[in-house]
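Since the structure comes first, as structure tokens, the remarks are kept for the end.
The numbers here are math on the coordinates, done by the rules we state, and not lab data. Owing to the predicted nature of the structure, the values given are computational and were not obtained by experimental measurement. When we count neighbours, we look across all protein chains shown, and the Cβ atoms used for this are built from the backbone with ideal geometry, even at glycine.
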Amino acid sequence: MEEVKQIVNSIRNGIISPIYFLMGDEPYYIDKIAQFISDNVLTEEEKGFNQMVLYGKETSLDQVLANAKRYPMMSERQVVIVKEAQHLSRNIEDLHSYAENPQTSTVLVFCYKYKKLDKRKKLHKTLLANGGVIFESKKLYENQVSDWIRLILKQKGFAISHKAAILLVEYLGTDLSRINNELEKLQLVLPDKTEIDPDLIEKHIGISKDYNNFELKKAIGERNAVKATRIINYFAQNPKDNPFVVTVSLLHNFFTQLLQYHGLSDHSPKNVSSALRINPYFVSEFQTASRNYPMKQVSSIIKCLRELDLKGKGVGAYNISHADLLKELLVKII
């Protein structure tokens, strides 16, 4: 992300702001920037007296500002990092009075996760007007995450096949921190410059390359009853690794997107990828599925999946086994 690079490069070049307000729905980059500041603004000798980490649930904005206003000891600067700042009891907008005249010898960092400042209010404008840095960490769409995986691995000297990247996204979702943790495990056990493929994913992370929701969705889209049944039976034997709620949710999303596909006037790969917010790799799956499932049937399947989702959560149905839910799902779709 270009904005992250700019913040990091500025700090490396000695251009350090008095306040960093890191906010948004994607915690990965918030944590990365905060950690970079923690590691690089002060020397190890200076950190003992001049670096402090506070937590929003355990402190107040008044206490944060009291620490921010003190002077560093035997150092040019002090660093105060407020983690989980979204839990600060007092309204964060009350920070504006400090932001109008921040302590120049303090680097004050707010990790304000899953929320963001209102750009129309005073604090946002005051921070920007007085040398503060506001960074919004936005959630990546699912179709962007596989590209992010490839970029992160390339920076570390690794490569990954397209299918392996998609497999990780299907299994781990769009949580970048969780994905990065799994990638770091792989980097520890694999030689440099390895190209990561589905076999390595299966061996070291435990995601089956043949029996997963990605392959199930593909088999159902192709109306391949034999392959889909084989995967469903595997899920039934391994319920903890393949929760029904995850499977039904993924298929619901797939058929909802297929309904959107049917409604498009332009079925070119570029337009489909943009309209459905999917990786271009998946466009052919929707082309195939659209031939196997006309629009009216897709609407009916979506309704059935909603009912099955409720059943899986115990609503209106009791003592239905994981295996029976999966079989009913397959029968009603195919």
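Given 25 °C and 0.890 mPa s, how large is the Stokes-Einstein diffusion coefficient of the chain in µm²/s, with Rh as the Kirkwood radius over Cα pairs? Let's see the in-between values first.
On the way: Rh = 23.1 Å.
In µm²/s, the coefficient rounds to 106.
Could you let me know the centre-to-centre spacing of region 1-48 and region 169-248, using Cα atoms, in angstrom?
Measuring centre to centre over Cα atoms gives 34 Å.
Quick query: amide H of Ser137 versus all other amide H atoms, modeled in the peptide plane; which residues come in under 5 Å with a sequence gap of 5 or more or a different chain?
For Ser137, whose amide H was placed from the backbone, the distant partners under 5 Å are Met23, Gly24, Asp25, Glu26.
Show me the ranking of peptides 182-195, 21-34 by mean Cβ neighbours inside 10 Å, starting with the highest.
Values: 182-195: 13.2, 21-34: 20.5.
Listed from highest to lowest mean packing, they are 21-34, 182-195.
Where does region 213-333 land on Rg(C-alpha)/(2.2 N^0.38 Å)? List each step's numbers first, then the result.
On the way: Rg = 14.6 Å, N = 121, 2.2 N^0.38 = 13.6 Å.
Rounded to two decimals, the normalised Rg is 1.07.
What are the ³J(HN,Hα) couplings of region 69-82, residue after residue, when phi is run through the Karplus curve with 6.51, -1.76, 1.60 and θ = phi - 60°? Round to Hz, x for glycine and proline.
Each residue's phi maps through the Karplus curve to give 7, 6, 8, x, 9, 6, 7, 6, 9, 10, 10, 10, 10, 9 Hz.
Please report the orientation-averaged projected area of region 16-137, defined via the convex hull of its C-alpha atoms, in nm².
On the way: hull surface 26.4 nm².
Over all viewing directions, region 16-137 projects a mean Cα-hull area of 6.6 nm².
Using θ = phi - 60° and the Karplus relation 6.51 cos²θ - 1.76 cosθ + 1.60, list the HN-Hα couplings for region 159-172 in order, rounded to whole Hz, with x at every Gly or Pro.
Listing the rounded values in order: 10, 8, 5, 4, 5, 5, 5, 4, 4, 4, 5, 4, 7, 9 Hz.
Could you check the spin-label model distance between Asp147 and Glu2? Points 7 Å from the Cα along Cα→Cβ, value in nm.
Going by the 7 Å Cα→Cβ label model, 1.3 nm.
Can you list, largest first and rounded to whole Å, the semi-axes you get for region 142-205 by taking the square root of 5 times each eigenvalue of its Cα gyration tensor? Write down the numbers at each step before the final one.
Details: eigenvalues 51, 30, 24 Å².
So the three semi-axes of region 142-205 are 16, 12, 11 Å.
Which whole-Hz ³J(HN,Hα) couplings does region 220-230 yield from phi under the Karplus relation 6.51 cos²θ - 1.76 cosθ + 1.60, θ = phi - 60°, glycine and proline marked x?
5, x, 7, 6, 8, 5, 5, 5, 4, 5, 4
Given a cut-off of under 8 Å on Cα pairs at least six residues apart, what relative contact order in percent is computed for region 16-137?
Over region 16-137, the number comes to 43 percent.
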